[in-house]
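Down below is the structure, laid out as C-alpha cells.
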Amino acid sequence: MRLRSSTQGQRRRTGPPQCPAMMWSPRRPPAATPAVCAGVAAAAAPGAQGRATFLSAARNQERRQAWQASQESKLQPLPSCDACTPPSPEEVQSWAQSFDKLMHSPAGRSVFRAFLRTEYSEENMLFWLACEELKAEANQHVVDEKARLIYEDYVSILSPKEVSLDSRVREGINRKMQEPSAHTFDDAQLQIYTLMHRDSYPRFLSSPAYRTLLLRGSPQSSSEA
C-alpha cells in the first residue's frame with residue numbers, strides 16, 4: 001500500500017483562487033463574467049498591486065457603462081445639419097454680419113466646415129464641436145473618457161489632427177488632465193475659435209461657396225428662376 005506524500009497533497013490543494021461568482025450553485029445561476037472574475041482574482045493577489053488592479057478593473061467597467069448610457073441619451077447635443085432645413089436667404093446674409101451668427105447656425109457650421117476642409121483645417125471645427133459636446137456632459141466617468149479622446153485626437157503632438165495651441169494653453173491642459181472636467185479645454189476652444197474668426201472666416205466670406213449661396217437667395221436670381 002503506497003502512502004501519499006504530504007508534498008503531493010499540498011500540490012493538489014494549491015492553485016489559482018477560483019472565482020466564487022463563477023461556481024455553479026443550484027440556488028443561484030452563474031452570472032459573473034470573466035472580467036469580473038479577473039478582478040476577483042486580482043483582489044486575492046497579495047499586496048497593494050492586487051487591490052489596485054481590482055479597483056482599476058472596476059473603474060473601467062463603470063466607465064464603459066457610463067459611456068453606453070451617454071450614447072443612448074446625450075445631454076443637449078448640438079443640432080446636426082442633417083436634420084436642419086436649408087438656410088433662408090436672410091440667414092445666409094446674417095453669416096456675414098458676425099462670426100457668432102455663423103457658428104450658432106447648424107447650416108452655417110456645416111457650410112463653414114466644408115470650406116475648412118478645402119483649406120485642410122477641418123480639425124479646428126471638429127475640435128470646437130467636441131469641446132461643445134464635452135461641456136454638455138454631466139456624467140463624470142463620461143467626461144473623463146471624452147476628455148481623454150479629445151486630448152489624443154486634437155492636443156497630442158502625435159495626432160495627425162493636432163490643432164495649433166500656444167505653450168501656455170497646452171501646459172494648462174496638461175495640468176487639468178490630471179482631474180478632467182467638462183471645462184478642461186475652455187481656453188483651447190477659445191483660442192481655436194479666435195483663430196477661425198480671424199484667419200478662416202474672412203476668406204470664407206469671399207469664397208465661391210458662400211457667394212453661390214448669396215446669389216441663390218438674391219432677388220435677381222429668384223426673378224430669373
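A few comments on the model shown:
- Residue that is modelled with the highest pLDDT [pool: residues in the stretch 210-225 that are over 22 Å from PHE99 (Cβ atoms) and outside any helix (DSSP H, G or I)]: SER218
- 3 or more residues closer than 23 Å to PHE99 by Cα: qualifying helices (runs of 4 or more DSSP H) within the stretch 113-209: 122-135, 186-195, 201-205
- For the stretch 94-110, the tally of residues that are in contact (Cβ under 8 Å) with a residue 24 or more places away in the chain and closer than 17 Å to CYS131 by Cα stands at 4.
- Residue match in the stretch 205-212 (condition: open to solvent by 70 Å² or more (accessible area, probe 1.4 Å) and over 19 Å from the mean Cα position of the chain (by Cα)): yes
- Whichever residue in the stretch 68-119 is among the polar types (S, T, N, Q), farther than 13 Å from LEU214 by Cα and open to solvent by less than 90 Å² (accessible area, probe 1.4 Å) and, among such residues, is modelled with the lowest pLDDT: SER73
The values are calculated or read from the model by the stated rules, or taken from the named source; none is laboratory data. Given the structure is predicted, the values throughout are model-derived calculations rather than measurements. Because the Cβ atoms are built from the backbone with ideal geometry, glycine has one as well, and the counts that use them run over all protein chains shown. For the accessible areas, the whole protein counts, side chains as well, though only heavy atoms, and no ligand, DNA or RNA atoms are used. Shrake-Rupley method; radii C 1.70, N 1.55, O 1.52, S 1.80 Å.
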